[in-house]
């Protein structure tokens with residue numbers, strides 16, 4: 001112990017070593033401070049996340065106690081476009097009503113994702129007028145995203161969660177399918193055919 005404490009005691013008590021003591025007294029805290037600064041002075045970088053814009057939907061979902069197979073489901077009212085055009089038009093108009101009562105606040109009156117609340121959201125709402133959206137998504141995918149909203153987004157849709165509510169809590173299945181048909185009718189883009197494989201988005 002003497003071999004360890006002796007030099008320290010002599011450094012502190014020996015007048016002839018006073019200058020060395022002062023240098024050590026200044027140097028030790030300075031070196032410690034520089035070491036702490038060096039460890040803290042690193043650039044801040046955002047964590048790396050691989051968010052999938054259009055995450056793949058689950059195979060099946062349950063909406064209003066009805067099980068829907070998203071890989072085989074068709075819009076139950078789409079056939080009216082050729083079988084009964086007047087009835088089809090009524091569904092599209094109902095979809096228009098539902099959209100402007102509920103959706104345009106975020107997605108905009110022109111469906112361009114620029115509604116009055118849009119810029120306060122992350123991610124911003126989908127721009128349905130973008131030709132890379134509707135033609136790439138199946139109607140069953142759109143129904144899934146509308147019915148389940150942000151709460152139904154899978155993990156690969158993170159780290160940001162869609163702010164869209166789960167509209168199944170407010171709308172009927174028919175109303176949600178009608179909105180899907182209105183989106184296609186308004187934009188002029190046909191949703192991707194079920195026979196093609198697609199990923200799906202908010």
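In region 72-91, the residues that are over 21 Å from residue 147 (Cα atoms) and in the same structural domain as residue 181 (by TED's automatic domain parsing) form Cβ pairs under 8 Å with partners that are loosely packed, with under 14 Cβ neighbours inside 10 Å and at pLDDT 95 or above, at six or more places apart or across chains, as follows: 80/87. Just checking, does region 148-157 include any residue being under 18 Å from residue 189 (Cβ atoms) and under 19 Å from the mean Cα position of the chain (by Cα)? Checked region 148-157: no residue is under 18 Å from residue 189 (Cβ atoms) and under 19 Å from the mean Cα position of the chain (by Cα).
Here is a yes/no grid of residues against (1) within 21 Å of residue 62 (Cβ to Cβ); (2) without any contact (Cβ under 8 Å) to a residue 12 or more places away in the chain; (3) touching a helix residue (DSSP H, G or I) at 6+ places or on another chain (Cβ under 9 Å):
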| position | (1), (2), (3) |
| --- | --- |
| 97 | no, yes, yes |
| 111 | no, no, yes |
| 121 | no, no, yes |
| 131 | no, no, yes |
| 143 | yes, no, yes |
| 149 | yes, no, yes |
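Do the conditions hold for residue 183, that is, is it crowded, with 22+ Cβ neighbours inside 10 Å, at pLDDT below 95 and in the same structural domain as residue 88 (by TED's automatic domain parsing)? The answer is no for residue 183.
Conditions (1) within 24 Å of residue 75 (Cα to Cα); (2) in a helix (DSSP H, G or I), marked per residue:
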| position | (1), (2) |
| --- | --- |
| 97 | yes, yes |
| 101 | yes, yes |
| 112 | yes, no |
| 123 | no, no |
| 128 | yes, no |
| 131 | yes, no |
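When 73, 59 are screened for being farther than 20 Å from residue 186 by Cβ and crowded, with 17+ Cβ neighbours inside 10 Å, only 73 passes.
Residues are listed down the side, and each one gets a yes or a no for (1) within 22 Å of residue 140 (Cα to Cα); (2) modelled with pLDDT of 75 or more; (3) surrounded by 15 or more Cβ atoms within 10 Å (Cβ to Cβ); (4) out of contact with any helix residue (DSSP H, G or I) (no Cβ under 8 Å at 6 or more places or on another chain):
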| site | (1), (2), (3), (4) |
| --- | --- |
| 25 | no, no, no, yes |
| 34 | no, yes, no, yes |
| 51 | yes, no, no, no |
| 105 | no, yes, no, yes |
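The condition of being at pLDDT 95 or above and surrounded by 16 or more Cβ atoms within 10 Å (Cβ to Cβ) holds for only one of 170, 143, that being 143. Condition check for residue 136 on (1) at pLDDT 95 or above; (2) surrounded by 16 or more Cβ atoms within 10 Å (Cβ to Cβ); (3) on the phi < 0 side of the Ramachandran plot: one failure, at (1).
The values are calculated or read from the model by the stated rules, or taken from the named source; none is laboratory data. Here the structure is a predicted model, which means the values were calculated and not measured. Using ideal geometry, Cβ is built from the backbone for each residue, glycine included, and neighbour counts are taken over all protein chains shown.
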